[in-house]
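A quick write-up on the structure given underneath.
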Amino acid sequence: MTNLDTKEALDIRAIFPLVWRCWPYYRPQLKHILTYIGCTILIGALFFSFWFVADDLIQNKIGVGEPLQPLQAQLLMLDKSYLTGDDESKRLSDSQRKQVRAKVVILTLTFVFVVFIGSSPLNYYQVWIFQRVNQKLRVEMLSKAEHLSLKHHSFSRTGDAMYRIYQDSATITNVLQWLVTMPLRVMGVIIIGCITLIFFSAWFALPIFFSIILSGYVMRKLLPVIRQKSRQSREYNSDLTSRIQENLAAVRVIKASGAEDIMISRFKKESQNALDAAFEMRFYNSVLLLLSILIGMGSFIIAEYFMATWAITEKATSLGGIVALVGYATWNIGAYQTASRQGEQTCLQAWELSHIFSVAQDLTVGLKRAFHLLDLEPEVTEPSQPKIFPVSIQSIQFESVYFNYQKDNPVLAGIDLSATVGSVTAIVGGTGSGKSTLMSLLLRLYDPDHGNILVNGINLKEMSRETIKSNVAIALQQNVLFALSISDNIRYGRDDLSEKDVHNAAKIACADGFIADMPEGFSTELGERGGKLSTGQRQRLSIARAVLRDTPILILDEPTASLDAETEQRVMKNLAIWGRDRIVFIITHRLSTIRSADQIAFLDKGKIVEAGTHNQLMAQLGPYSDFVTAEVGNTPTETNYE
Amino acid sequence: MNNSKVYDDRVDTDSEIDLRQVLTLISRSFGFVKGVKGLFICKLLMALVSILPALAVPWILKIIVDQVIMQQPFNTAEVPFPPFMMPFINMIHDLSPPEIMFSVTALFLIALILFGLRAPAAEQAQEIAQAKGFDAATQSEQALSSGGSNTSGLWGLLELSLSIRMTQRLGNALRARLMGRLTHLEMTTLDEQRIGDSIYRVMYDAPLMPEIIYRIAINPLLLIITAALSIYLLQFSYGEVTPELVWLAASLIPLTLLVTAPFSALARRIHQKNRASGATTTNRMEESLDNIAAVQALGGLDKESVRFEKSSEESFWRHRLTVALDLILIVIRTCATWIVMAIGFILITDDVIDGTLSLGDYAVLSGMMFMLSENAAAIGLYWIELQKNVAAVRRVFFFIDYTTETDGEYRSIKPIKKRIHLKDVSYSYPDGRVALKQVNLELTLDNLVAVVGPTGAGKTTLAYLLPGFIRPSEGEIFFDDQKFSQLNTKDIRQQVTYVFQEHMLLSSSIRENLLLSNPDATVNEMIEACRISGAMEFIDLLPDGIDTPVGKGGDTLSVGQKQRLSIARGLLRGTPVVVLDEPTAALDPKTERKMMAALKESSKSRLMVIIAHRLSTIREADQIVFLEEGRIVEVGEHDALMAKPNGRYRRFVELQAVQ
């Protein structure tokens, strides 16, 4: 029946460490949880004892006309004539029975209204508590996911993280209920039920014992299957979320390639997989529940046969006359009703128990997936005693820096480079030569595999990522814009800066012109991924964003690729003035931009093959001059261009 | 087609749905039942049978009390048993009390195995089969695979499986349909639509549709039949003795409907807002995860966390509101039914004290009353709970109804052979900005055309027109002599390929990414396309060649590599017209030159339109179209345009070349 991967099979003991891990999320709510549990137990006990008494009153006293017990009379505020007195065979008169009934109705209604209405806010309270638990986990997970290194993100799908944060994390709300309070409650009901039943007759221990053993066996057989199906279901759903997310993020390419139908058929297939897994999980679940119902209820029905026959013979109950409040010394109709209800309740707990166990399977799978994300170690680790970033920047040095994304595929293979304050360094090289990666290291998005990056002689690894980010600004090649207003996009991550700063930065990036033409200027809302803007406009917003950060180090990754020559010139001129007391790196292909740099580093296959000024490098007739010739060589008619 | 539909994708501010809309949404949901006709009929029949066993239980319990424990003889004269009980009664009529009890026990055991009599119904069990959270999203996922039965036992298992399958097929049909419509949305709409919101609609809104079918068609029908049967049975057995009680029982359902119905409009509003805020949360998460590089590089981590925390908090709060509403309704309803039950109790016990009714009758009557009050509660709740589904389904149908590219009547296309002609074409965005004014242009199918101009001149807009991403606001485009406005967008894309500047790759192998555009392509065709785009250079170096997987959005490749791969993917389609947006922007001059030579070569048999800024790229073109502020200012070859002393293009080139 099962082709279970044994390594993945977690036995029931694995639940306890998971529950323990949930503790920090429950801890802050402890006060509320205890209040909630206390109230629930109180109300449960009230209801239980109320029905215990009411059953007897309704069946034996009102129904048959037996006299009241002394305590009952006190509770109902009735006089001595309702009591047994000396006459054992005394029966209540019709008017007395009606009197008792009137009292019972009033008592019941009052009880129900007060207790029921009083307890209903408890449900809301419970939702509120669990939401707070979930909120804490969710926020922590997203923030963890965001802090993971980009290396991790390059290889994992957005949809998967989303599914973990959203769906898997929600299982934490069930931990208390399904792994702690419900089992406790069920055990409580079983124990109370057993005690009551055994008071009625010791024989009842037998069917209870029998059904517990048998359902234990069934669970052992079925639970591993259910767990496997539950994991499958979650994984498939997570794949599906990824699929939708990817399809929508790449929808323009799909359209352009006319691939809508292919994508839909893939979507349907994955959706069907997810549904099949969900179905199978539920099916096995139902089989388990069915079997435990058959076992539990079956033994109860047989026990009930004995209760009824004993009631016929008015056999003495084991209860005897101990309890004054109820009149179940012998098997009578009231005793039958009470015992039968208790028995039914107790046997149903077998069903409840297997239910709890099957939900526990899903819980453990979900929790494991959620905690997996929290357990991922960021590859970029924070120093325990971070150094502060130098107040006035002097130099940046790359010392034989190595880096790769995948083994055997080095991206940077020994980079040595230094830049001093007030200089503009152009990073030049063929596509895929590692230019963007080199700059990501400066941001500590990754750490080098070997070698060091030093700022004023201090290793970057000794500074916290937070410090570095507030001192290094970058305008990315892929101009990511968020669904915020233009002004918030420029300000992104720096809400402390004023609108005036934003306007100034936009001016330096030559973005103020087109922003002014937008319907609502700086407060214009951008669409998904900034879809409303042209590439050139997005590029300038990116530059403005980097400039606004006013950091000592600025990195521009292909800042001007999509700008026309006129705009490019203006932007570069503004940046040159702005960058006088900073260190600026520019990754670019455009000769006009390269030529204005103080230093050119020419990258090839992860190494810097040449470095120097334009004129120096042209004189060397090395790879750089080949590169320049390639760019302009095919335009001999325009020597003025070079 | 109504294009003026205004919506706010962030929060569905319009949370008012009137009754007519509700009914329309319900009837549209029913349209999907056609796809599951067989299952639907089976489910209905099985469900009808499944209500019967429960009706017998009170009568059997009555026998235990009256005939077994109280040891009274059968008294069918005063309180007759219902007809379906008679065969069993006749069987046990002359037995002694212990023997009767034995038969009853046997009957119970058989009914337990078949129908799970007296056990919790399978529906109840299914409600909580998988752990779910305390917000709308996690609960919806359960809804997609929900099902149920009023019975348990073997019958219940079968009915349950059947109905889960039906729910899944209904939900899946709707979400696949929605997904299809979403990918077919017009480009201008997609620019505005947030991905997280779309995910929410597909994954969490669509699954709520099947419940509408159950809550409108199946469940109320069953409840009403059950209620009618119970009232009939009451009338049959006790109509003579206590007619008041029958009336009282019959009043339970109208009473609960009366006290809960006024809340339905409120419920709808609360649920609509709940779902909208859930969508916002999803969106925040998606945005920050998908743009993680930017978030990290710009130091936006804290900002993103706070943004997510706030919207997550908001969505939890909205969900709590729905819980509060449910609680209020439960309290009101319970109070009402308890009062009715108390009156019933007095009526019954009156007769018990008089001796007209036995204690067994008390068991039957109170059981019946209890069942009826549960049913009444359920019916009252259906309408309220339905509001949640309606709110969700409205969000789904919103996009199914939204104008997509495929709407309208179009004729099919003949392959473009000679030329594309733009006649007086203008385009303005939905928000009124004018992007193109009165463009006239003729492009022939053996040319490499460069579209040039300062940023914001309308280059991309012009290029978007060719594959039909947008359609002209005014004017007409002719493919040979076929009018663009009469052609199906899908057909147009068979003729025109567009390669974007952002290089969106899917996280699968290079081969899969290439096959996306042309599933029938052979390996040779793929290699040829990669050769032209220059992608072969780096693919050859990869460990697994074209079967190498690329990471999320192709993140493991450099920007230039992604660009070349995207171009290869575009070329692989082999369409007569190819539009390339800045194909060389991220390339070094050497690679660029190679690519341009290859593109020029392959443009001999087709029309290649390139948007470009780099002179080295532009110069290679057979025809240069120079745009400024939405107008075509100059058209011609590089040398011809450079020859004009005061030409706009010449000035543009000089600015770029001279420091």
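The values are calculated or read from the model by the stated rules, or taken from the named source; none is laboratory data. Every value quoted in this text rests on a predicted model; they were computed, and no experiment measured them. Ideal geometry is used to build each Cβ from the backbone, glycine not excepted, and the neighbour counts take in all protein chains shown. Quick note on the areas: whole protein, heavy atoms, side chains included, nothing else; ligands and nucleic acids left out. Shrake-Rupley method; radii C 1.70, N 1.55, O 1.52, S 1.80 Å.
Size of region B:419-657 along its principal axes in angstrom, Cα-based, largest extent first?
Extents along the principal axes: 53, 43, 35 Å.
Which value in deg cm²/dmol, rounded to the nearest 500, describes the helix-derived mean residue ellipticity at 222 nm for chain A, given -39,500 (n - 2.57) per DSSP H run of n ≥ 4 and division by the residue count?
Dividing the helical sum by the residues of chain A leaves -18500 deg cm²/dmol.
In angstroms, what radius of gyration and Dmax does region A:420-524 have, counting Cα atoms only?
16.9, 51
Where does helix B:589-602 land angle-wise versus the long Cα axis of chain B, in degrees 0 to 90, nearest 10?
Tilt of helix B:589-602: around 80 degrees.
When the accessible area of the protein assembly as shown is split by element with a 1.4 Å probe, what percent falls to carbon and sulfur?
Working: 28490 of 49250 Å².
The C+S portion of the solvent-accessible surface of the protein assembly as shown is 58 percent.
Explain nothing, just the number: dipole magnitude of region B:208-318 about its Cα centre with +1 on each Lys and Arg Cβ and -1 on each Asp and Glu Cβ, in debye rounded to the nearest 20.
Dipole of region B:208-318, to the nearest 20 debye: 280 debye.
Hey, got the average number of other protein chain Cβ atoms within 10 angstrom for residues in B:279-292?
So the per-residue partner count for this stretch is 6.
With the crude spin-label approximation of a point 7 Å out along Cα→Cβ, what separation in nm comes out for B:Glu629 versus B:Asn440?
Taking the two extended label points, one gets 2.0 nm.
Taking 26 Å as the cut-off for C-alpha to C-alpha distance, list the pairs among A:Lys269/B:Lys490; A:Lys368/B:Lys43; B:Lys459/B:Lys644; A:Lys229/A:Lys269; A:Lys500/B:Lys437 that go past it.
The answer is A:Lys368/B:Lys43; A:Lys500/B:Lys437.
On a 23 Å Cα-Cα criterion, which of the cross-link pairs B:Lys423/B:Lys594; A:Lys144/A:Lys461; A:Lys98/A:Lys315 come out too long?
Cα-Cα > 23 Å for B:Lys423/B:Lys594; A:Lys98/A:Lys315; rest within.
Can you pull the percent of Cα pairs in region B:157-292 with separation above 27 Å?
49 percent
Heavy-atom accessible area of B:Arg433 with all protein chains present, probe 1.4 Å, nearest 10 Å²?
Result for B:Arg433: roughly 60 Å² accessible.
Please compute the contact order of region A:395-634 in relative form: average sequence separation of alpha-carbon pairs under 8 Å and at least six residues apart, divided by the residue count, as a percent. Before the final figure, lay out the partial values.
On the way: 441 pairs, mean separation 65.2, N = 240.
Once divided by the residue count of region A:395-634, the mean separation gives 27 percent.
What are the semi-axes of the equivalent ellipsoid for region B:414-538, taken as the square roots of 5 times the Cα gyration tensor eigenvalues, largest first, in whole Å?
29, 18, 15
For B:Trp383, A:Trp51, B:Trp247, what's the largest-to-smallest order of accessible area, 1.4 Å probe?
So, going from the largest accessible area down, we get B:Trp247, A:Trp51, B:Trp383.
Kirkwood hydrodynamic radius, computed over distinct alpha-carbon pairs, for chain B: how many Å, to one decimal?
30.4 Å
I want to check the label-to-label distance for B:Leu221 and A:Gln99. Put each point 7 Å from Cα in the C-beta direction and report it in nm to one decimal.
5.5 nm
So how do A:Lys607, A:Lys469 rank on accessible area, 1.4 Å probe, biggest first, that is with the largest at the start? Kindly include the intermediate steps, with their values, before the conclusion.
Details: A:Lys607 105, A:Lys469 15 Å².
So the residues, ranked largest to smallest area, are A:Lys607, A:Lys469.
Testing the spin-label approximation: label points 7 Å from Cα along Cα→Cβ at B:Ser426 and A:Phe48. State their distance in nm.
8.1 nm
Could you tell me which residue out of A:Pro559, B:Gly456, B:Leu641 lies farthest along the dipole of the protein assembly as shown toward its positive end? Charges go on the beta carbon: Lys and Arg +1, Asp and Glu -1, centred on the Cα centre.
B:Leu641
Treat every Asp and Glu Cβ in chain A as -1 and every Lys and Arg Cβ as +1, leave all other atoms uncharged, and give the resulting dipole magnitude about the Cα centre to the nearest 20 debye.
Roughly 1460 debye, rounded to the nearest 20.
Run through region A:354-443 and list the trypsin sites (Lys or Arg not before Pro) located in a DSSP loop whose Cβ has at most 13 other Cβ atoms within 10 Å.
A:Lys407
Return the calculated 222 nm mean residue ellipticity for chain B, to the nearest 500 deg cm²/dmol, obtained by summing -39500 (n - 2.57) across DSSP H runs with n ≥ 4 and dividing by the residue count.
Details: 27 runs with 376 residues, N = 659.
Mean residue ellipticity, 222 nm, calculated: -18500 deg cm²/dmol.
Can you tell me, using C-alpha contacts under 8 Å and at least 6 residues apart, the relative contact order of chain B as a whole percent?
14 percent
Considering amide H positions built from the backbone, and no H for Pro or chain starts, which residues 5 or more places from A:Phe585, or on another chain, come under 5 Å of its amide H?
Distant-sequence amide H within range of A:Phe585: A:Thr425, A:Leu554, A:Ile555, A:Leu556.
Report D for region A:395-634 in µm² per second (integer): Stokes-Einstein, Kirkwood Rh on Cα pairs, 4 °C, 1.567 mPa s.
Numbers: Rh = 18.5 Å.
Calculated translational D: 70 µm²/s.
Using just the C-alpha positions of region B:419-469 as equal point scatterers, what log10 of I(q)/I(0) does the Debye formula give at each q in 0.13, 0.23 1/Å?
Relative scattering, expressed as log10 I(q)/I(0), comes to -0.32, -0.98.
Give the share of C-alpha pairs in each 5 angstrom bin for region B:246-324, from 0 to the last occupied bin, in whole percents, shortest bins first.
For region B:246-324, the binned pair fractions read 3, 14, 16, 13, 11, 9, 9, 7, 5, 4, 4, 3, 2, 1, 0 percent.
Average partner chain C-beta neighbours within 10 Å, per residue of A:275-285?
5
Could you tell me how many degrees, from 0 to 90 and to the nearest 10, lie between the Cα long axis of helix B:301-354 and the main elongation axis, the longest principal axis, of the Cα atoms of chain B?
Helix B:301-354 and the main axis of chain B meet at about 20 degrees.
Plugging the Kirkwood radius over Cα pairs into Stokes-Einstein for the protein assembly as shown, at a temperature of 20 °C and a viscosity of 1.002 mPa s, what D comes out in µm²/s?
After rounding, the answer is 61 µm²/s.
Grab the other residues whose beta carbon is less than 13 angstrom from that of A:Leu556, score K and R as +1, D and E as -1, and report the net.
Details: positive: A:Lys435, A:Arg540, A:Arg545, A:Arg549, A:Arg582, A:Arg590; negative: A:Asp557, A:Glu558, A:Glu568.
Residues close to A:Leu556 contribute a combined charge of +3.
What Kirkwood Rh does region A:12-375 have if only Cα atoms enter the pairwise 1/r average? Answer in Å.
After inverting the mean inverse Cα-Cα distance, the result is 24.6 Å.
Could you tell me the accessible area of A:Ile117 in Å² (1.4 Å probe, neighbours in place), rounded to the nearest ten?
The accessible area of A:Ile117 comes to roughly 70 Å².
Could you pull out every residue, at least 5 positions away or on a different chain, whose amide H is within less than 5 Å of the one on A:Ile600? Hs are placed 1.01 Å off N in the peptide plane, and Pro or chain starts have none.
A:Ala426, A:Gly612, A:Thr613
Given region B:531-656, what whole percent of its Cα pairs are spread farther than 21 Å?
The calculated P(r) of region B:531-656 puts 46 percent of pairs beyond 21 Å.
Enumerate the calculated ³J(HN,Hα) couplings along region B:581-586 in order (Karplus 6.51 cos²θ - 1.76 cosθ + 1.60, θ = phi - 60°), each rounded to whole Hz, writing x wherever the residue is Gly or Pro.
Values per residue, Gly and Pro as x: 8, 6, x, 10, 4, 9 Hz.
If you take the alpha carbon radius of gyration of region B:511-605 and divide it by 2.2 N^0.38 Å, what ratio comes out, to two decimals?
Normalised Cα radius of gyration, region B:511-605: 1.01.
Students sometimes get this wrong: rank A:Ile508, A:Ile594 by accessible area, probe 1.4 Å, all chains present, largest first.
A:Ile508, A:Ile594
Can you tell me the equivalent ellipsoid semi-axes for chain A? Use √(5λ) from the Cα gyration tensor, largest first, whole Å.
Over the Cα atoms of chain A, the semi-axes work out to 77, 26, 22 Å.
Please compute the length gained on full extension between B:Lys417 and B:Ser508, using 0.36 nm multiplied by the number of residues separating them and subtracting their Cα-Cα distance.
29.2 nm
How far is helix B:19-30 tilted off the main Cα axis of chain B, in degrees rounded to 10, range 0 to 90?
On a 0 to 90 degree scale, this one is about 90.
Taking only Cα atoms of region B:19-401, what ratio of Rg to Rh do you get with Rh as the Kirkwood inverse-distance radius?
Numbers: Rg = 25.6 Å, Rh = 23.6 Å.
That ratio is 1.08, to two decimals.
Please list 3J(HN,Hα) in residue order for region A:458-465, calculated via the Karplus relation 6.51 cos²θ - 1.76 cosθ + 1.60 where θ = phi - 60°; whole Hz, with x for glycine and proline.
9, 5, 4, 5, 8, 10, 6, 4
Using only the alpha-carbon atoms of region A:20-170 as identical scatterers, what base-10 log of I(q)/I(0) does the Debye formula give at q = 0.08, 0.18 Å⁻¹?
Values returned for q = 0.08, 0.18 Å⁻¹ are -0.49, -1.03.
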